[in-house]
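S.K.: Before I ask anything, here is the structure I am working with.
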Amino acid sequence: MARTLRSSVPRAAVATVLAGLAALFVQTAGPVTTAQAASTGLHVSNGRIVEGDGADFVMRGASHAYVWYPGQSAAIGDIAAKGANTVRVVLGGGNRWTRTDASQVASLIGQCKQSKVVCVLEDHDTTGYGEDAAAASLDQAVAYWKSVKSALDGQEAYTVINIGNEPWGNTNYAQWTAATKSAVAQMRAAGFHHALMVDGPNWGQDWSGTMKANAASVLAADPDRNTIFSVHMYGVYNTADKVTGYLDAYVNAHLPVVVGEFGYQHSDGDVAEDAIMSTAQARGLGYLGWSWSGNGGDVAYLDMSNGFNPNSLTWWGNRIFYGSNGISSTARRAAVYGSSGSTPGTAPNGYPYCANGSATDPDGDGWGWENNRSCVVRGGPAD
């Protein structure tokens, strides 16, 4: 029986809507720190996520629930083959879920590098802390990262550390700010100079605007100024106005934000997935869909592939990879892998995949024309 992956289900009714939230941003000022200036890995610069060479890196990818399905790590390569430049890998810290040890972390990073994708590694044990009694604290998450540090050292160009998945529920969520600042400080003191990703409270959806209001101070408290903010967009974000309003607040304040999870529907309501993808593309922001496969029965509709089969995509899988503003047509490989251009890959018939997806195939036969040669549209009749 498939495990239910409750990554973003709020346990209490969300009565507060984003409209009317008037959180004020204070832009981070001051000189760039030595650690940031010397960074050769992924890092934050003027509100953007950039690589060591200063080129923008815009995440496009999906989550893989490794901790529950350790035998399905081939999913990393399968997601990459669909055009993704990033895979968010779900780990266990040993407090709630089976601990993913240092050797496994090293192997997962190796698979990401082999597939030429950036690894966003996250500790899932913190999900819903404060509301879910089984959840681990951010302090416990930091202890986990310290225990696997040997696998992460030297991987700053290839990995982002998502300290804790949805690390606060809807109870006492105002404590998120102090706890997050403390976790980031502990990570830096332990010698981690990776880009750190922090999820918002309220099961990641930040309907209270807590992360939005305090993001500038959290970034300022990071000695490396290298913290990325991740909002999870589900039923709270059911209109285009709510999506754009939330994301634009960060863009206008020059603060780095990604949509770290989203679906096209959820138990808390419909999701404005088209607006999420189009806004991210227009603003040059990253998005990571939930999830490749393995969701439990009550949220099985969030599977992108049927039974981890890359040749059997669901409606959601086809939408996020091949639809308008989808991964296949908008992802650009990380420059650390030798190219900052598109990464179409090669179809089984030997022809390259079309970097621009179906946009280059007006007659819908699965064949396009790019760079003076034929190309194959991923998932099309010729693939």
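The values are calculated or read from the model by the stated rules, or taken from the named source; none is laboratory data. In this text, all values refer to a predicted model and were calculated from it rather than measured experimentally. Counting neighbours? That spans all protein chains shown, and the Cβs are built from the backbone with ideal geometry, glycine included. With ligands, DNA and RNA removed, areas are computed over all heavy atoms of the protein, side chains included. Shrake-Rupley method; radii C 1.70, N 1.55, O 1.52, S 1.80 Å.
S.K.: Setting aside same-chain residues fewer than 8 positions from Lys181, which aspartates and glutamates have a Cα under 13 Å from its Cα?
M.R.: Within reach: Asp139, Asp199, Asp222, Asp224.
S.K.: Oh, and also: Of Lys82/Lys113; Lys212/Lys242; Lys146/Lys212; Lys116/Lys146; Lys82/Lys116; Lys82/Lys242, which ones are farther than 20 Å apart at the Cα?
M.R.: Lys146/Lys212; Lys116/Lys146; Lys82/Lys242
S.K.: Right, something else. Please give the length that would be gained between Asp365 and Ser267 if that part of the chain were fully extended, namely 0.36 nm times their separation in residues minus their C-alpha to C-alpha distance (nm, one decimal).
M.R.: 31.6 nm
S.K.: How would the range 57-112 be classified by its alpha-carbon gyration tensor: rounded, prolate or oblate, with rounded meaning a/c under 1.5 and the a/b versus b/c comparison settling the rest?
M.R.: Verdict is prolate for the range 57-112.
S.K.: Taking θ = phi - 60°, what integer Hz values does the Karplus form 6.51 cos²θ - 1.76 cosθ + 1.60 yield along the range 89-97, in sequence order, with x for Gly and Pro?
M.R.: Whole-Hz 3J(HN,Hα) from phi for the range 89-97: 10, 7, 10, x, x, x, 7, 10, 9.
S.K.: Probe of 1.4 angstrom, ligands and nucleic acids ignored: what's the accessible area per residue over the range 200-314, in square angstrom?
M.R.: Accessible surface, normalised per residue, equals 25 Å².
S.K.: Looking only at the range 197-219, which residues have a backbone nitrogen under 17 Å from a spot 7 Å from the Cα of Asn172 in the C-beta direction?
M.R.: 201-203
S.K.: Sticking with this one: How much length is gained on full extension from Tyr337 to Asp241, taking 0.36 nm per residue of separation minus their Cα-Cα distance?
M.R.: So the chain would gain 30.9 nm between Tyr337 and Asp241.
S.K.: Additional query: What does the charge count near Glu156 come to, summing +1 for each Lys or Arg and -1 for each Asp or Glu among other residues with Cβ under 11 Å from its Cβ?
M.R.: Counting the neighbours of Glu156, the net charge comes to -3.
S.K.: Can you give the FRET efficiency to the nearest 0.05 for Asp298 and Lys146, using r as the Cβ-Cβ distance and R₀ = 35 Å?
M.R.: Between Asp298 and Lys146 the formula returns 0.50.
S.K.: Extension gain Ala282-Gln114, at 0.36 nm per residue separation less the Cα-Cα distance, in nm?
M.R.: So the extension gain works out to 57.5 nm.
S.K.: So what's the net charge close to Gly263: Lys and Arg +1, Asp and Glu -1, counting the other residues with Cβ under 12 Å from its Cβ?
M.R.: Summing Lys/Arg as +1 and Asp/Glu as -1 gives -4.
S.K.: First select every other residue whose beta carbon is under 15 angstrom from the beta carbon of Asp56; then total the charges, Lys and Arg +1, Asp and Glu -1.
M.R.: Net charge in that neighbourhood comes out at +3.
S.K.: Please report how far the C-alpha centroid of the range 242-315 lies from that of the range 93-130, rounded to the nearest whole angstrom.
M.R.: Each part's Cα centre sits 20 Å from the other's.
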